[in-house]
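**Q** Could you have a look at this structure, given as structure tokens, before my questions?
The values are calculated or read from the model by the stated rules, or taken from the named source; none is laboratory data. What you see is a predicted model, and the numbers here were worked out from it, not measured in a lab. Ideal geometry is used to build each Cβ from the backbone, glycine not excepted, and the neighbour counts take in all protein chains shown.
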Amino acid sequence: AARKSELRDEIKQLLKDKNAVLVAHYYTDPEIQALAEETGGCVADSLEMARFGRDADQQTLIVAGVRFMGETAKILSPEKTVLMPTLEATCSLDIGCPAKEFTEFCDAHPDHTVVVYANTSAAVKARADWVVTSSIALEIVEHLDQQGKQIIWGPDRHLGAYIAKQTGADMLMWQGECIVHDEFSAQKLRDMKAIYPDAAVLVHPESPASVVELADAVGSTSQLIKASQELPNETFIVATDKGIFYKMQQQAPHKNFIEAPTGGNGATCKSCAHCPWMAMNGMQAIHNALSGNGKGHEISVDDQLRQKALVPLDRMLGFAE
Ligand code: 13P
Ligand code: SF4
């Protein structure tokens, strides 16, 4: 415990000395989220992280989350130094959507508008007309559909299916998924609902359609946190990464938050409602990033790629504002 508080104090000092600010996602460890809050950084969903990073006055951003979040920050603020606790923190959606194959898919349908989820590499974003995050995807696709556009959607097939169902848009889907959300089980969730009949079910739309169907609220991490405050229920079953419980519990200490069941059990579930890449972000890794020379921590994006990826990202931020 002594070492922990020492580490926290040292990171605080490093943030000051380096003119750096901590930008953290809701899925990171509670102690990282708390530190971001205490030091004037942010804890947010992926859209808000992008906006916060872009608008921050500090010269250095330390992005606690996964790789695409650091890359997005760098694309939006090339003049800033963007550090991550580890560059190894990727995402199954990013892995499952290699730029070369995705480009071929797009090239085969040149009349389609390409909409990609933020959980992708800079190279995939560079091929897109629009980038979206889960908090704004529905509105943007609705907008494109109203203009009569045919859409290529990638890479999350569950989020894509949810949006297609809600909007009726014509969408060609890349077949990717989030290994965390893909594991939630509708069958087991129904059983759990029977045990807690008064509970509201909160679901991130990266979950399978059968799970989304059982939801009282569907949305991005920020939108789910908001729903957990606004709905009158005392108990919530939550189908997203368990990192989100820190904020939900903080905002509503008297409410009960329960993890939605995954298909496996402790021994057999692959991710057990916690993203293995988000889990790579630790306090020691943040310390290393801030105290080192950038090696192994600093995000760089090829400048030509950056300029191309900036266009659809700016389009999203402009639409959201
Ligand atoms: P939000 O955009 O809802 O924060 O979540 C995206 C995600 O899955 C981050 O891993
Ligand atoms: Fe990717 Fe899923 Fe992890 Fe989010 S939770 S970073 S979508 S693997």
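**Q** All but one of (1) of a type in the set (S, T, N, Q); (2) farther than 18 Å from Lys308 by Cβ; (3) surrounded by 19 or more Cβ atoms within 10 Å (Cβ to Cβ); (4) in contact with a strand residue (DSSP E or B) (Cβ under 8 Å, 6 or more places away or on another chain) hold for Gln150; state the number of the condition that does not hold.
**A** Result: Gln150 passes all but (3).
**Q** Here is a further query. Specify the residue that is surrounded by the most Cβ atoms within 10 Å (Cβ to Cβ); the eligible residues are those in region 233-242 that are in a loop (DSSP other than H, G, I, E, B) and within 15 Å of ligand 2 (Cβ to nearest atom). Let's see the steps before the verdict.
**A** Residues of region 233-242 that are in a loop (DSSP other than H, G, I, E, B), as a first pass: 233-234, 240-241.
Now restrict to residues that are within 15 Å of ligand 2 (Cβ to nearest atom): 240-241.
Numbers: Thr240: 28, Asp241: 24.
By that ranking, first place goes to Thr240.
**Q** Check Pro232, Pro208, Pro197 and return the single one that is within 16 Å of ligand 1 (Cβ to nearest atom) and outside the structural domain of Ala164 (by TED's automatic domain parsing).
**A** Matching residue, one of Pro232, Pro208, Pro197: Pro208.
**Q** When the residues of region 275-304 are filtered to those that are assigned to a helix (DSSP H, G or I), more than 16 Å from ligand 1 (Cβ to nearest atom) and under 9 Å from Thr86 (Cβ atoms), which remaining residue is farthest from the chain's Cα centre (by Cα)?
**A** Filtering region 275-304 for residues assigned to a helix (DSSP H, G or I) gives 278-280, 283-291, 303-304.
Filter again for more than 16 Å from ligand 1 (Cβ to nearest atom), leaving 283-291, 303-304.
So of that shortlist, the ones also under 9 Å from Thr86 (Cβ atoms) come out as 285, 288-289.
Numbers: Ala285: 20, Asn288: 23, Ala289: 21 Å.
It comes out as Asn288.
**Q** Moving on. Considering only region 107-121, state which residues are closer than 19 Å to Ala137 by Cα and either at pLDDT below 95 or not in a strand (DSSP E or B) (or both). Spell out how you get there, then give the answer.
**A** Quick first cut of region 107-121, residues closer than 19 Å to Ala137 by Cα only: 112-121.
Answer for region 107-121, where residues must be closer than 19 Å to Ala137 by Cα and either at pLDDT below 95 or not in a strand (DSSP E or B) (or both): His112, Ala118, Asn119, Thr120, Ser121.
**Q** Restricting to region 12-34, name every residue that is under 17 Å from Asn288 (Cβ atoms), touching a residue at least 12 places away in the same chain (Cβ under 8 Å) and more than 16 Å from ligand 2 (Cβ to nearest atom).
**A** Once the filter is applied, which keeps residues that are under 17 Å from Asn288 (Cβ atoms), touching a residue at least 12 places away in the same chain (Cβ under 8 Å) and more than 16 Å from ligand 2 (Cβ to nearest atom), region 12-34 yields Lys12, Leu14, Leu15, Lys18, Ala20, Leu22, Glu31.
**Q** I've got another one for you. Looking at Asp145, Asp129, Asp198, Asp156, which is the one that is in contact with a strand residue (DSSP E or B) (Cβ under 8 Å, 6 or more places away or on another chain) and closer than 22 Å to Gly264 by Cβ?
**A** Numbers: Asp145 fails: closer than 22 Å to Gly264 by Cβ; Asp129 fails: closer than 22 Å to Gly264 by Cβ; Asp198 fails: closer than 22 Å to Gly264 by Cβ.
Within the list Asp145, Asp129, Asp198, Asp156, the selection yields Asp156.
**Q** Next question. Just a yes or no: is a residue in region 64-86 surrounded by fewer than 20 Cβ atoms within 10 Å (Cβ to Cβ), more than 16 Å from ligand 1 (Cβ to nearest atom) and assigned to a helix (DSSP H, G or I)?
**A** no
**Q** Now, a different point. Which condition from (1) more than 22 Å from Ala169 (Cα to Cα); (2) out of contact with any helix residue (DSSP H, G or I) (no Cβ under 7 Å at 6 or more places or on another chain); (3) in a loop (DSSP other than H, G, I, E, B) is the one that Lys100 breaks?
**A** Exception for Lys100: condition (3).
**Q** Continuing with this model, one more query. If a residue must be free of Cβ contacts under 8 Å to residues at least 60 places away in the same chain and out of contact with any strand residue (DSSP E or B) (no Cβ under 8 Å at 6 or more places or on another chain), how many such residues does region 35-56 contain?
**A** Of the residues in region 35-56, the ones free of Cβ contacts under 8 Å to residues at least 60 places away in the same chain are 36-42, 49, 52-53, 55-56.
Narrowing further to those that are out of contact with any strand residue (DSSP E or B) (no Cβ under 8 Å at 6 or more places or on another chain): 38, 55.
Summing the residues that are free of Cβ contacts under 8 Å to residues at least 60 places away in the same chain and out of contact with any strand residue (DSSP E or B) (no Cβ under 8 Å at 6 or more places or on another chain) in region 35-56 gives 2.
**Q** Still on this structure: Hey, among the residues in region 209-232 that are within 16 Å of ligand 2 (Cβ to nearest atom) and either over 17 Å from the mean Cα position of the chain (by Cα) or part of a helix (DSSP H, G or I) (or both), which one's surrounded by the fewest Cβ atoms within 10 Å (Cβ to Cβ)?
**A** So in region 209-232, the residues within 16 Å of ligand 2 (Cβ to nearest atom) come out as 211-212, 218-225.
After this cut, where a residue has to be either over 17 Å from the mean Cα position of the chain (by Cα) or part of a helix (DSSP H, G or I) (or both) as well, the list is 211-212, 221-225.
On the way: Val211: 28, Val212: 24, Thr221: 26, Ser222: 20, Gln223: 17, Leu224: 26, Ile225: 24.
Among those residues, the one meeting the criterion is Gln223.
**Q** Let me ask something else. Taking the criterion of being in contact with a helix residue (DSSP H, G or I) (Cβ under 6 Å, 6 or more places away or on another chain), β-branched (Val, Ile, Thr) and outside any loop (DSSP other than H, G, I, E, B), would at least one residue in region 181-198 satisfy it?
**A** no
**Q** Just to be sure before I move on: is Thr133 out of contact with any Ser or Thr (no Cβ under 9 Å at 6 or more places or on another chain) and hydroxyl-bearing (Ser, Thr, Tyr) in the structure I sent?
**A** Details: out of contact with any Ser or Thr (no Cβ under 9 Å at 6 or more places or on another chain): no; hydroxyl-bearing (Ser, Thr, Tyr): yes.
Here the answer is no, as Thr133 does not meet what is asked.
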